[in-house]
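One structure is given here, and the rest of the page talks about it.
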Amino acid sequence: MSTTGKEIETNPRGIPRAPFIEDVQAHVGGPDAEVESTLRQFQQAIAKYRYMELNLNQKKKGLLEKIPDVGKTLSMVKYLKSRRSSKDEASKGDDLDEGDAASKPLTTTFELNDTLYAEAEVVENDTVYLWLGVSFSISNETKSERVGVAYRSNRLM
């Protein structure tokens, strides 16, 4: 794989490790050797690293832009869970009125894009589906704590 006969070391993402050269003169091939091919190899490697860095920074920026939306979604899931638990308590106890907010249908306004909103009535359900991007969504039961824990632990990274 490499010109020195050694196998190229890579990290888990497949990015090759940059070689450390202890003796430049021996690596090039002596004091009278042609250095153009060696320099060209290093310039190609640097170009690859810059491309990988740019790509990684773009992915990072896209993920950072999604954090506020995920936070809004998490607060909505928490609200649905609290609404569900208050509704369950209301069905068990006789001290709450039938006119309580938990017994009323939930009507909400949600964002379709930056300037367009729609109003909808949310149907009572035990499962919440979270759309995270193109071809990627997860489902979560409103009785579960998984989504909140996953969001908080990923937020710390």
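The values are calculated or read from the model by the stated rules, or taken from the named source; none is laboratory data. Keep in mind the model is a prediction, meaning the values are calculated, not measured. Note that we place each Cβ from the backbone using ideal geometry, even for glycine, and neighbour counts take in every protein chain shown. Please note that ligands, DNA and RNA were not included when accessible areas were found on the heavy atoms of the full protein model with its side chains. Shrake-Rupley method; radii C 1.70, N 1.55, O 1.52, S 1.80 Å.
Look at segment 38-47 and say how many of its residues are loosely packed, with under 12 Cβ neighbours inside 10 Å and small (Gly, Ala, Ser).
Within segment 38-47, residues that are loosely packed, with under 12 Cβ neighbours inside 10 Å and small (Gly, Ala, Ser) number 1.
Can you find a residue that is outside any loop (DSSP other than H, G, I, E, B), open to solvent by 60 Å² or more (accessible area, probe 1.4 Å) and in contact with a Gly (Cβ under 9 Å, 6 or more places away or on another chain) anywhere in segment 53-67?
Scanning segment 53-67, I find at least one residue that is outside any loop (DSSP other than H, G, I, E, B), open to solvent by 60 Å² or more (accessible area, probe 1.4 Å) and in contact with a Gly (Cβ under 9 Å, 6 or more places away or on another chain), so the answer is yes.
Mind checking which pairs have a first residue in segment 115-129 that is under 15 Å from residue 104 (Cβ atoms) and a second that is part of a loop (DSSP other than H, G, I, E, B), Cβ under 6 Å, 6 or more apart or different chains?
Short answer, once both residue conditions are applied: 121/105.
Would you pick out the residues in segment 71-80 that are of a type outside the set (D, E, K, R), open to solvent by 50 Å² or more (accessible area, probe 1.4 Å) and in contact (Cβ under 8 Å) with a residue 60 or more places away in the chain?
Answer for segment 71-80, where residues must be of a type outside the set (D, E, K, R), open to solvent by 50 Å² or more (accessible area, probe 1.4 Å) and in contact (Cβ under 8 Å) with a residue 60 or more places away in the chain: there is none.
Before we move on, is residue 14 more than 30 Å from residue 132 (Cα to Cα), in a loop (DSSP other than H, G, I, E, B) and at pLDDT below 90?
Here the answer is no, as residue 14 does not meet what is asked.
Out of the residues in segment 17-28 that are assigned to a loop (DSSP other than H, G, I, E, B) and open to solvent by less than 80 Å² (accessible area, probe 1.4 Å), which is modelled with the lowest pLDDT?
18
Would you list the strands (runs of 3 or more DSSP E) that sit entirely within segment 90-157 and hold 3 or more residues that are in contact with a Ser or Thr (Cβ under 9 Å, 6 or more places away or on another chain) and at pLDDT 75 or above?
117-122, 127-133
Under 9 Å between Cβ atoms, which residue pairs at least 6 apart in sequence (or on different chains) link something in segment 14-33 that is farther than 30 Å from residue 55 by Cβ with a partner that is open to solvent by less than 60 Å² (accessible area, probe 1.4 Å) and small (Gly, Ala, Ser)?
Filtered contacts from segment 14-33: 25/33.
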